[in-house]
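Just below is one structure, and these are the notes that go with it.
The values are calculated or read from the model by the stated rules, or taken from the named source; none is laboratory data. Computed from a predicted model, the values in this text were never measured in an experiment. Here the Cβ positions follow ideal geometry from the backbone for every residue, glycine too, while neighbour counts run over all protein chains shown. Side chains included, ligands, DNA and RNA excluded: accessible areas come from the protein's heavy atoms. Shrake-Rupley method; radii C 1.70, N 1.55, O 1.52, S 1.80 Å.
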Amino acid sequence: EENIRDGPPLFNSLPVFTAQRSLEGDADLQFLLAGGELLKVRSNSWKKNRTFKLQEDCRTIWQESRKAMRSSQTFSIDDIEAVRLGRQSEGLQKYTEEALEDRCFSIIFKGRRKNLDLIASSKEDACKWVTSLEKVITNLRNLSSKQKTEHWIYNCMRNADKNSDNKMSLKELKHFLHQINIEVDDEYAQMLFAKCDKSKSGQLEGSEIEYFYKLLTAREEIDVIYDKYAQTNRQMSAKDLLSFLQNEQQEGVSLDDALKLIEKYEVDNAAKEKQQMTKDGFLMYLHQPEGMILNPAHKDVYQDMTQPLSHYFISSSHNTYLMEDQLKGPSSTEAYIRALMKSCRCVELDCWDGSDGEPIIYHGYTLTSKILFKDVIKAIKEYAFKTSEYPVILSLENHCSLEQQKLMAKHMTSILGDALLAKPLGDEMPTTFPSPEELKGRFLIKGKRLNKLEEAFSPSSTTDENESISEDDEAADMVEDAEKKPKKSKKMKLAKELSDLVIYCKSVHFQGFEHARESQEFYEMSSFKEGKAEKLAEESANEFVCHNVDKLSRIYPAGSRADSSNYNPVPLWTAGCQIVALNFQTPSDEMDLNQGWFLPNGMSGYLMKPEFLRDRASEFNPVNLTKGKWLQHKTLHVMVISAQQLPKINKKKESSIVDPLVRVEIHGVPADAASRETDYIEDNGFNPMWNENFQFDVCVPELALVRFVVEDYDSTSQNDLIGQYTLPFTSLQNGYRHVPLLTKNGDIIPSAALFVHIMAVEAE
């Protein structure tokens, strides 16, 4: 108890204390708290005025509803992906006039929730809503883990305080514990209550509630670590902290580095002046990038980006236009925006003739909705380089007539402008790919080409635009799947205007590795259905590796995946395939792996392949490992210590408490695949503790991923996912580390984390 420090008077402070403390008195915050009327747009015939305002908790938006049985509804600031000024959603473009452009804005939600399209009374009002919302969103995201915890617990306490008297009875305390995901028996609840009820009044208030809060949030595992190294008047001096960083975190740091951490993260000014770190400062450090499991040096672009394009893995999407399934789901420009904002660098456009002369995009031979090709190009232009400045490949699956092909070329040329790569870089015929660095901010077109790239340097060269060429492999596969007939080599006419835009990514049919070695140009690339690619990766792995050194390979899901499910990308990455396209719209283990694979290097969408996947003479075979530079045997020790503030799975059922377990997985070459699992902890999602140790032997760490999965145990059915986090083995930090947790959609879960100890060492 003597280690429990005084805290803020939670029940007596304003709601803005934790949620928006730094914005207290801010004009934008006051604007949102006051709220106002906006025109909500759903269709041409449904446009209605509704009142919106920020609630006092400063993280929930209230909106008026005129539905029967429901006079209002709310949504959390945490659920907002982005706020976009102007007619940037499909709904606003379709249902509003261009003259309203500067009065429109959209709230984009995470997951599959529909956008909220709104019209303000004036341009100034629209700008005020957008800037104010963005400020509040940014402020919430920048809260420290401690602040997020305080705010979450504060709101749970307020909800448990049924009679709003700023006091807590035993019944209210038990209700509160349920809310924060803890189930306790009556005896323990009474003991905890009695311990805090110093006044013996039968109710907790003021300092008693603060004391209860401190008891609840005490981290015993942190106390043990801190007390071991706090050798200077029970606090950590800079030398004590240095000892911890060197001995436990295995960091090659100096005393100056320790002093910088104290200056940066110590919360007590008196301790900071003494160049010491308190327990609160130590916990703050452990929740910051320096204390997290991902190496902070890998958060920015750290790899050599001047290698040829074929030397990189490229984050890639399949049927990018789809929001849901492949048969009747909606097509949307929003799907492209979401993929690009996740740093996807290769998007797919399935192009068909539109009835009014304008080419459209949809999944042919299905009931999926249709969107205009030009609208997709506009969205791509707008969002391509907001999260990554490295090149974007537009993979065209072309089913259009000559006239609409010409229109496709015109739209791309006029909309993308100079960013569209319409000729090879340099004045001479290249012999290898340019690098991502050289292609920054550029768009590359993947598709069929009528002639060889060399002819781009011959102005006198002419090609008959009516020349017939073989159809793209993926396009032919679509027809085969739709018509249930064996695939035949079909011919199509290709417009020269479209053909000329294909520079470094010319689609060709794969005719075997020998043919590729002898006849395939470096800029000619093949697409492989997942089954064929997996067979090559298993039966001809080394040939596939060597093929992918100087040629690009694109892998795509089988047409039978009507539900937009995904295949395992890892075997294709280990074979050196660069463009392993997944259904970004479908939450899945495979998308978790993809997000983790491209997490480092600034989330640029490009990850440089290991040296043995960039060597034409490589003998690397992921299936049958032999001696070579790829064998860097490591032993990975993982201690799963604890978790904090795991969310409830069934939020609608108040009595639902999770029984969490943690699984640690290794993904990579077949020899490295492994999985270990803790026991489950009954009825505690707030602060479960495991202290379980696992050991993994990893042969090829440069191709390994480490995945942490937290599930709610169920003895009668499949466990439910609570959260997960995946990262490359080579981006792990040793020592005591917090592991953030992501939802099934890949969004961060506020406040939730695992606490682990990691030690990767050379295998004996």
* To do: Find the centroid of the Cα atoms in the stretch 617-648 and in the stretch 181-244, then give the distance between the two in whole Å.
  => 37
* To do: Mind checking the per residue accessible area of the stretch 257-392 for me, 1.4 Å probe, whole number of Å²?
  => 38
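Which whole-number percentage describes the relative contact order of the chain, with Cα contacts under 8 Å and a sequence gap of 6 or more?
This gives 11 percent for the chain.
Beyond 24 Å between alpha-carbons counts as too far, so tell me which of LYS342/LYS378; LYS171/LYS214; LYS214/LYS299; LYS40/LYS110; LYS94/LYS370; LYS128/LYS342 fall in that bin.
Numbers: LYS342/LYS378 18 Å; LYS171/LYS214 20 Å; LYS214/LYS299 33 Å; LYS40/LYS110 19 Å; LYS94/LYS370 13 Å; LYS128/LYS342 27 Å.
The answer is LYS214/LYS299; LYS128/LYS342.
Using the Kirkwood radius built from alpha carbon pairs, what does the Stokes-Einstein equation give as D for the stretch 589-680 at 4 °C and 1.567 mPa s, in µm² per second?
Answer from the Stokes-Einstein relation: 75 µm²/s.
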* Within the chain, what percent of beta bridges assigned by DSSP are antiparallel, to the nearest 5? -> 75
* Structure fact -> Residue by residue through the stretch 353-358, the couplings from Karplus 6.51 cos²θ - 1.76 cosθ + 1.60 with θ = phi - 60°, in Hz, x for Gly and Pro, are 5, x, 5, 9, x, 9
* Asked: Cα atoms only, the stretch 264-409: Rg and Dmax in Å?
  -> 23.1, 76
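Any idea what diffusion coefficient the stretch 645-744 gets from Stokes-Einstein, in µm²/s, Kirkwood Rh on alpha carbon pairs, 10 °C, 1.306 mPa s? All intermediate terms of the calculation are to be shown ahead of the outcome.
On the way: Rh = 14.7 Å.
The Stokes-Einstein estimate is 108 µm²/s.
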* **Relative contact order (%) - the stretch 88-136, alpha-carbon pairs under 8 angstrom, separation at least six** => 33
* Structure fact -> At 20 °C in a medium of viscosity 1.002 mPa s, the stretch 187-308 has a Stokes-Einstein diffusion coefficient, with Rh taken as the Kirkwood radius over alpha carbon pairs, in µm² per second, of 126
* What lysines sit close enough to LYS135 to cross-link, taking a C-alpha to C-alpha distance under 16 Å and skipping anything fewer than 8 places away on the same chain? -> LYS53
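Counting heavy atoms of the protein chains only and a 1.4 Å probe, report the per residue accessible area for the stretch 666-757 as a whole number of Å². Numbers along the way, then the final one.
Values: 3370 Å² over 92 residues.
With all protein chains present, the stretch 666-757 gives 37 Å² per residue.
Over the stretch 691-764, what is the relative contact order in whole percent, taking alpha-carbon pairs under 8 Å and six or more residues apart?
Numbers: 100 pairs, mean separation 17.5, N = 74.
Taking the mean separation of contacting Cα pairs over the length of the stretch 691-764, I get 24 percent.
Can you pick out the pairs among LYS423/LYS491; LYS440/LYS496; LYS48/LYS174; LYS264/LYS648 whose Cα atoms lie more than 32 Å from each other?
Working: LYS423/LYS491 26 Å; LYS440/LYS496 26 Å; LYS48/LYS174 43 Å; LYS264/LYS648 34 Å.
Listed pairs above 32 Å: LYS48/LYS174; LYS264/LYS648.
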* To do: Taking every Cα atom in the stretch 73-143, find the radius of gyration and the maximum pairwise distance Dmax, and write them in Å.
  => 12.3, 39
* Carbon and sulfur atoms: what percent of the 1.4 Å accessible area of the chain do they account for? -> 46
* Asked: Okay, helix-only estimate at 222 nm for the chain: each DSSP H run of n ≥ 4 adds -39500 (n - 2.57), divide by all residues, round to 500 deg cm²/dmol; what do you get?
  -> -8500 deg cm²/dmol
* Could you rank the peptides 266-272, 99-105 by their average count of other C-beta atoms within 10 Å per residue, with the highest value first? => 99-105, 266-272
* **Average projection area in nm² (convex hull over Cα atoms of the stretch 318-367, one quarter of hull surface)** => 3.6
* Of all the Cα-Cα pairs you can form in the chain, what percent are over 35 Å apart? -> 53
